[in-house]
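Reviewing the structure listed below.
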Amino acid sequence: MALFGTSGIRRLFDRELVVLAFKAGVAVGRNCGRVVVGRDTRTSGPVLKHALMAGVLTSGAECQDAGVIPTPTLGYAARHFDAGVMITASHNPPEYNGIKLWNPDGSAFSPEQEKEIEKLIYDDAFAAASWRKLKAVASYETAIEEHVRRIRQDFPASLRIKVAVDCGGGAASVITPRLLRKLGCEVVEINCQPTGFFPRPSEPTELNLGELIKAVREHEAHAGIAHDGDADRMMAVDERGRFIPGDKLMVLLAQAQGAKDIVTTIDASMSIDEMGFQVRRTRVGDTAVSHELKKGGDFGGEPSGAWIFPRISLCPDGIYAAARIAAIASQYKLSELADRIPAYPIRRGSVSSDGVALSHLESSLMALKPVSMTNTDGFKLSFKDGWLLIRPSGTEPKIRLTAEARTESRAQKLYESAMNAIQTVRKEG
Ligand code: MG
C-alpha cells in the first residue's frame, strides 16, 4: 500500500499514525540530515511531532522544533535545513492528521523522494545511532518572525484598511492577524484561537465562510481573508461580502505581482488564458505547480486557494497571499477588480470509476470533434467555445469531470456528453 497520497501521509489519528510518525522521522533523519519540524493546531499534533522528532534523533540526525506554524512558514524555514517536516492534515477534519515533507526550496517532496522514504519505512530495518552521536532537540523560535519580516519587505507602505480574518482555528491564527496589524491594518478576528477544534469546516469554500461574509458586511471591512487548517491556502471575500472565486483570485494576485509567466493546473478556468499572461498548465495539485515553477515563472496557483510566490519559496503561501490581498484592497475596491475579470459557466462533478476504462472513454468522446486534446492529467478536450476535462481522482475511486464553456447551455451539454459516454462505456465494459 502506498503511504503517500497526493498530499503526503494523511489519515485518521490512531496508533498506526504514531508509529508511522516515528518511522518517518527515522527515514527522514537518515536520508536528509538536519530537519526542522512544525505542526498545525490539531490536538494530535504534539504526540505526532514528538514521535517524529524521536525518530529523527534515533537516526542520529539533528532536529529543530518550530512549534505551531503554518505550512508556508515551515516551507520558508526549511531553507536553513536539509528538509522540513510538517505535521498536518491540511483542510481535513480535526480528527485527521498527517505528515508532509519539504525541500529547502519550499517545494514538497517529489513522488520519487517520497518513494525512498516509504521504502525505508517499510524495510523497518533501521539501527539506532550510537549513544555518543545522539543530538539534543533545539527550539527554532524565529520561524514566524522571519516569515513576517520577509513578507513585510514587499509591503513597505502602511495599508490603513480594515480586514476580517477567519483562520478557522488553524495554524494561521499565530501569524496572519499579527502580520496584517504590522502592515497597518485594523483586523477583525474570527476563529483565530489555535485550539485544535475547528469551529468551521477547514476548507475555505464559499459554503464554509458564512461567518466571514457576515463579518465583512457588519464591520464594513475592505476585505475578508480565510485560510485552511495549515494556511497553505487563502481565499478572499470582497468589500461587499461576496466570495471571490479561485479563478478570479488567481488573476488578481498574478496581476498585483506583476507576473507575466504563470503556472496553473489543467482544471483552472480558460479566463486565465485571456488575461495576457504566458500560461503553463500542469496536472491538478499544488505540488505539480510548484515543481513546474522550478523551470521558471513568477507566479503559480490553483483555484482551490494555493498560491505560490517563487521569490519567497516554492511552498504555497497563504500568508503572503493574505498580505497581497490586503495591499490590493488598500488601493482598489476588490469588487470592482473582480467584476472586471471574465467568468464562464463551469460544471464540476464526479462519478464512480467502477468499470470505466479511461482509454475507452477517450476514444468515445473524440466523436465530439475537439480542436485539440492533452493528456496532462486524464484527458482534456478543447473546443472553440470551451473544454471538457476527465481525470481519475488522486484520492478516491472516482472520475472527476469538469466542463467550462462560454454559455451555460454549452457547458451543460459538454458535461452531459461526458456523463452519457461514461454510462455507455460502463455498459459495454
Ligand atoms: Mg492546506
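The values are calculated or read from the model by the stated rules, or taken from the named source; none is laboratory data. From a predicted model like this one, the values you see are computed outputs, not experimental measurements. Quick reminder, even Gly has a Cβ in these numbers, built from the backbone with ideal geometry, and neighbours come from all protein chains shown. When the accessible area is computed, the model is the full protein with side chains, heavy atoms only, and any ligands, DNA or RNA have been set aside. Shrake-Rupley method; radii C 1.70, N 1.55, O 1.52, S 1.80 Å.
Go through G241, G305, G229 for me and flag whichever is in contact (Cβ under 8 Å) with a residue 24 or more places away in the chain, at positive phi and surrounded by 23 or more Cβ atoms within 10 Å (Cβ to Cβ).
Unique residue meeting the criteria: G305.
Scan the stretch 257-284 for residues that are open to solvent by less than 20 Å² (accessible area, probe 1.4 Å) and under 26 Å from I151 (Cβ atoms) and jot them down.
Correct list: A259, I262, V263, T264, T265, A268, I272, T282.
So for the stretch 99-113 (the condition being within 13 Å of the ligand (Cβ to nearest atom), charged (D, E, K, R), under 23 Å from H50 (Cβ atoms) and touching a helix residue (DSSP H, G or I) at 6+ places or on another chain (Cβ under 9 Å)), does at least one residue qualify?
Yes, some residue in the stretch 99-113 is within 13 Å of the ligand (Cβ to nearest atom), charged (D, E, K, R), under 23 Å from H50 (Cβ atoms) and touching a helix residue (DSSP H, G or I) at 6+ places or on another chain (Cβ under 9 Å).
Identify the residue in the stretch 94-112 that is open to solvent by 30 Å² or more (accessible area, probe 1.4 Å) and modelled with pLDDT of 95 or more and, among all such residues, is nearest to L293 (Cα to Cα).
D105
From the residues in the stretch 320-340 that are aliphatic (A, V, I, L, M) and within 16 Å of the ligand (Cβ to nearest atom), which one is surrounded by the most Cβ atoms within 10 Å (Cβ to Cβ)?
A322
Can you tell me which residue among D354, D286, D317, D267 is more than 16 Å from the ligand (Cβ to nearest atom) and outside the structural domain of G378 (by TED's automatic domain parsing)?
Matching residue, one of D354, D286, D317, D267: D267.
Give all pairs with beta carbons closer than 6 Å in which a residue from the stretch 328-344 that is more than 26 Å from A157 (Cα to Cα) meets a residue that is surrounded by 16 or more Cβ atoms within 10 Å (Cβ to Cβ); count only pairs at least 6 apart in sequence or on separate chains.
If the second residue must be surrounded by 16 or more Cβ atoms within 10 Å (Cβ to Cβ), the pairs left are I341/K248; I341/V251; P342/S271; Y344/E404.
Can you work out which of the residues in the stretch 367-419 that are out of contact with any helix residue (DSSP H, G or I) (no Cβ under 7 Å at 6 or more places or on another chain) and among the acidic types (D, E) is least open to solvent (accessible area, probe 1.4 Å)?
Of everything passing the filter in the stretch 367-419, D377 is least open to solvent (accessible area, probe 1.4 Å).
Take the residues of the stretch 206-226 that are out of contact with any helix residue (DSSP H, G or I) (no Cβ under 6 Å at 6 or more places or on another chain) and open to solvent by less than 50 Å² (accessible area, probe 1.4 Å): which is nearest to the ligand (Cβ to nearest atom)?
N208
(1) among the small types (G, A, S); (2) crowded, with 21+ Cβ neighbours inside 10 Å; (3) more than 30 Å from R150 (Cβ to Cβ): which one isn't true of A343, the others all being true?
Result: A343 fails condition (2) only.
If I filter the stretch 298-306 for residues that are out of contact with any His (no Cβ under 9 Å at 6 or more places or on another chain) and more than 16 Å from the ligand (Cβ to nearest atom), do I get at least one hit?
Yes.
Would you confirm whether or not the stretch 420-428 contains a residue that is closer than 25 Å to G285 by Cβ, touching a residue at least 12 places away in the same chain (Cβ under 8 Å) and open to solvent by 40 Å² or more (accessible area, probe 1.4 Å)?
no
Take the conditions free of Cβ contacts under 8 Å to residues at least 60 places away in the same chain and of a type outside the set (A, V, I, L, M) and apply them to R160. Does it pass?
Answer is no for this residue.
Using beta carbons and a limit of 8 Å, which pairs, at least six apart or on different chains, have the first residue in the stretch 270-296 and free of Cβ contacts under 8 Å to residues at least 12 places away in the same chain and the second one assigned to a strand (DSSP E or B)?
Sorted first by the residue in the stretch 270-296, then by its partner, the pairs are D273/V279.
For G184, indicate whether it is under 22 Å from the mean Cα position of the chain (by Cα), at positive phi, at pLDDT 95 or above and not assigned by TED's automatic domain parsing to the domain that holds A54.
Spelling it out, it is not the case that G184 is under 22 Å from the mean Cα position of the chain (by Cα), at positive phi, at pLDDT 95 or above and not assigned by TED's automatic domain parsing to the domain that holds A54.
Exactly one condition in (1) within 20 Å of K49 (Cβ to Cβ); (2) open to solvent by 30 Å² or more (accessible area, probe 1.4 Å); (3) in a helix (DSSP H, G or I) is false for R132; which is it?
Evaluating R132 over (1) within 20 Å of K49 (Cβ to Cβ); (2) open to solvent by 30 Å² or more (accessible area, probe 1.4 Å); (3) in a helix (DSSP H, G or I) leaves (1) as the failure.
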